[in-house]
Amino acid sequence: MKNLSWFNKFVFGVNGLVMVLTFLAYVLPFLAPKWFSFLSVLTLVLPFFLILNALFFLYWFLQLKRQMILSGLVLLLGITFINKFYKFSSKEKEASDKDFVVMNYNVRLFNLFKWIPSDAIPDAILDFVKENNPDVLCVQEYSSTATAKVDFKLYPYRAIFTQGNLIKTGNAIFSKFPIVNEGEITFPESNNIAMFADIKIGKDIVRVYNLHLESIKISPDVNEMSENVEGFSQAKSEAILKRIGEAFKKQQQQAEIFVAHKKDCEYPLIVCGDMNNSAFSYVYRTVKGNLQDTFEEAGKGFGQTYNFKYYPARIDYIFADARMSVKSFKNFPDFINSDHLPIMTRLALE
């Protein structure tokens, strides 16, 4: 430190703060949000911390300063997180007749309230599903009010659970294979639900879960973040952080309810859904368990699933049983007909 200029001392101070926050973000997936809900917000921006550490490492490296070692160590410790954010190459496997394709999509009520100024959204979603032709389709924010406009007639089997009075919304699973059993998982004090369907694929039965966990209610156009300095007060920023923390607590409770439900299931599992949280979170780690993240297994790029301005957020997932082979994974960043983006994977029972 003695040999550093006053500017480099300032840079190293900021570097140190970023390192501490990064270490906290590394640890938080192992700590329940109910104890650290405020700090859990850090998991949402872990990729940003990794980028900052890389920039600090480069800054010190170009000056041949030993301070680069600290940022280098932080990056090495975080190397296991990189694949959750960005995949440099995909590992697609050859398709076969025994494969089946699963798609997940939060359709935002088929644009029932005209968030997107277009009347063509329901038809666009229906055409998209027909074009990609998944064997199993999991939908969140499904609206029975919009079924007059959107009827997935190519699926003879379906399980639908909705709630509400004037406008019924919920989750749905559509299948080309017979559904032999189905059920709903209710979450206390929440408008969100989970459901499952036991689907007979050939001689095997696969249980497909469709989850929709508590929303953190951050607008995709980041209006809350883009106000002028006067409008974005400290009180408002604290309120947003508190709201996110409370949502994380509910997500933890919902994830634990789901884990308790699935523990006695002997069938191979597929878990689809909108988890409203990052792949660096406690909730992600809890729900995933020993399942395969299909993006990590066969995806490429950022795997973005939420149309969030300036940041490729991945909050929707398809997890597959270890007894399955993940053949491919695809997201659709250009298909913007909801606040979420559809994702699709090709699987095979081994």
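Throughout, read-outs are computed from the coordinates displayed, never taken from laboratory work. Note that the coordinates shown come from a computational prediction; the quantities given were computed from them, not determined experimentally. Cβ: placed from backbone, ideal geometry, glycine included. Neighbour counts: every protein chain shown.
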### Summary
Once Glu350 and Lys242 are pulled to full extension, the length gained, defined as 0.36 nm per residue separation minus their Cα-Cα distance, is 34.4 nm
### Message
Tell me which DSSP H helices of the chain clear both cut-offs, 18 Å or more of axial length from alpha-carbon atoms and a mean Kyte-Doolittle hydropathy of at least 0.5.
### Response
6-27, 46-62
### Query
Once both labels are modelled 7 Å past Cα along the beta-carbon direction, what's the Lys130-Asn191 spacing in nm?
3.1
### Those Cys residues of the chain for which no other cysteine Cβ falls under 4.7 Å
Cys265
### Query
Which value, in Å³ per residue, describes the convex hull spanned by the Cα atoms of the stretch 226-350?
118
### Query
Using only helices, what value at 222 nm comes out for the chain when you add -39,500 (n - 2.57) per DSSP H run of length 4 or more and divide by the total residues, to the nearest 500 deg cm²/dmol?
-10000 deg cm²/dmol
### Query
Any idea what the alpha-carbon Rg over 2.2 N^0.38 Å comes to for the stretch 6-85?
1.15
#### Entry: Choice from Glu189, Glu92, Glu214 with maximal GNM fluctuation in the chain (Cα, 10 Å cutoff)
Glu189
### Query
For the residues Cys265, Cys272, what sequence is obtained by ranking on other C-beta atoms within 10 Å, fewest first?
Cys265, Cys272
### Query
Across all directions of projection, what mean area in square nanometres is found for the Cα convex hull of the stretch 97-215?
7.9
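For each pair in Lys87/Lys176; Lys91/Lys309; Lys168/Lys262; Lys242/Lys288; Lys87/Lys114; Lys288/Lys330, compute the distance between the two Cα atoms and list the pairs where it is over 24 Å.
In this structure, Lys87/Lys176; Lys91/Lys309; Lys168/Lys262; Lys242/Lys288; Lys87/Lys114 exceed 24 Å between Cα atoms.
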### Query
Expressed as cubic angstrom per residue, what is the convex hull volume of the alpha carbon set of the chain?
161
